[in-house]
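Asks: Pasting a structure below so you can have a look.
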Amino acid sequence: MEANQEKAPETATGGDAPRPVRAVCVFCGSRPGNRPSFSAAALDLGKQLVERQLDLVYGGGSGGLMGLVSKAVHDGGRHVLGVIPSALLPEEVSGETLGEVKVVRDMHERKSEMAKHSDAFIALPGGYGTIEELLEIITWAQLGIHNKPVGLLNVDGYYNSLLSLFDKGVEEGFIDDAARNIFVLADNAADLLTKLTAAAVAAHVDDGGDDRNGTACNIERSLTLIFRG
């Protein structure tokens with residue numbers, strides 16, 4: 001079931017070669033947080049996406065950082081796709097709904113749809129849901145389910161404690177040294193998007209072409225194995 005559908009605009013690819021990054025999935029809080037810098041970072045990320053002619057995929061809420069980044073991208077004329085389980089509509093969607101909203105059955109389908117429609121992932125500050133989405137998409141990369149770049153926007157050191165936990169995992173032998181750097185890190189949106197684009201280009205060259213469809217199939221197959229047995 002889908003609501004408020006808008007057709008996604010055609011994205012220029014520049015010659016015959018497809019652009020590795022066309023749509024970015026953003027994980028972030030449905031609350032604004034206590035620091036003005038968090039809201040400022042969400043607005044700046046939205047502005048940077050517009051300036052770089054990138055579309056947005058996100059969790060469909062209109063509150064907190066989710067609402068700020070989606071409004072900035074939508075107001076800038078880029079396509080916004082919000083993916084939300086039907087059970088969360090009353091809690092997460094309030095006020096004006098922007099762009100295209102895809103209503104799905106549950107959280108598992110939500111994450112699968114967000115991943116299929118994205119070429120890269122960014123985590124802003126957020127709570128349990130944001131951290132869970134970030135860790136799962138990193139895990140999928142480690143397992144080879146996708147090869148799309150993942151970025152962590154570490155605003156005011158919000159994720160420093162999580163990064164320390166990752167280092168502890170390496171120290172204690174639970175995380176490989178190579179896997180520790182499976183994502184890119186920056187404290188501002190411009191630097192992070194530049195790093196993500198470079199990582200996507202490198203992955204695109206390694207694959208010898210556009211991996212969007214192949215990755216979508218990998219995600220669907222893996223989710224089937226994980227959730228249906």
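The values are calculated or read from the model by the stated rules, or taken from the named source; none is laboratory data. In this text, all values refer to a predicted model and were calculated from it rather than measured experimentally. Quick reminder, even Gly has a Cβ in these numbers, built from the backbone with ideal geometry, and neighbours come from all protein chains shown. All accessible areas refer to the heavy atoms of the entire protein, side chains included, with ligands and DNA or RNA removed. Shrake-Rupley method; radii C 1.70, N 1.55, O 1.52, S 1.80 Å.
Asks: Report, by residue number, each residue of the stretch 77-106 that is outside any strand (DSSP E or B), modelled with pLDDT of 90 or more and open to solvent by less than 40 Å² (accessible area, probe 1.4 Å).
Replies: His79, Gly99, listed by residue number.
Asks: May I ask you to list the residues in the stretch 199-229 that are at pLDDT 85 or above and either surrounded by 14 or more Cβ atoms within 10 Å (Cβ to Cβ) or over 17 Å from Asp119 (Cβ atoms) (or both)?
Replies: Ala199, Ala200, Val201
Asks: Determine which single condition Ser70 fails, assuming it passes every other condition in (1) open to solvent by 10 Å² or more (accessible area, probe 1.4 Å); (2) among the polar types (S, T, N, Q); (3) more than 15 Å from Ala120 (Cβ to Cβ).
Replies: If we test Ser70 against (1) open to solvent by 10 Å² or more (accessible area, probe 1.4 Å); (2) among the polar types (S, T, N, Q); (3) more than 15 Å from Ala120 (Cβ to Cβ), just (1) comes out false.
Asks: Counting only residues that are in a helix (DSSP H, G or I), surrounded by 19 or more Cβ atoms within 10 Å (Cβ to Cβ) and in contact with a Gly (Cβ under 8 Å, 6 or more places away or on another chain), how many does the stretch 40-67 have?
Replies: 6
Asks: Looking at the stretch 142-152, is at least one residue in contact with a strand residue (DSSP E or B) (Cβ under 6 Å, 6 or more places away or on another chain), closer than 19 Å to Leu65 by Cα, buried (at least 20 other Cβ atoms within 10 Å of the Cβ) and not aliphatic (A, V, I, L, M)?
Replies: Among the residues of the stretch 142-152, at least one is in contact with a strand residue (DSSP E or B) (Cβ under 6 Å, 6 or more places away or on another chain), closer than 19 Å to Leu65 by Cα, buried (at least 20 other Cβ atoms within 10 Å of the Cβ) and not aliphatic (A, V, I, L, M), which makes the answer yes.
Asks: Would you tally the residues in the stretch 112-132 being surrounded by fewer than 23 Cβ atoms within 10 Å (Cβ to Cβ) and either in contact (Cβ under 8 Å) with a residue 60 or more places away in the chain or assigned to a strand (DSSP E or B) (or both)?
Replies: Going through the stretch 112-132 one residue at a time, the tally reaches 6.
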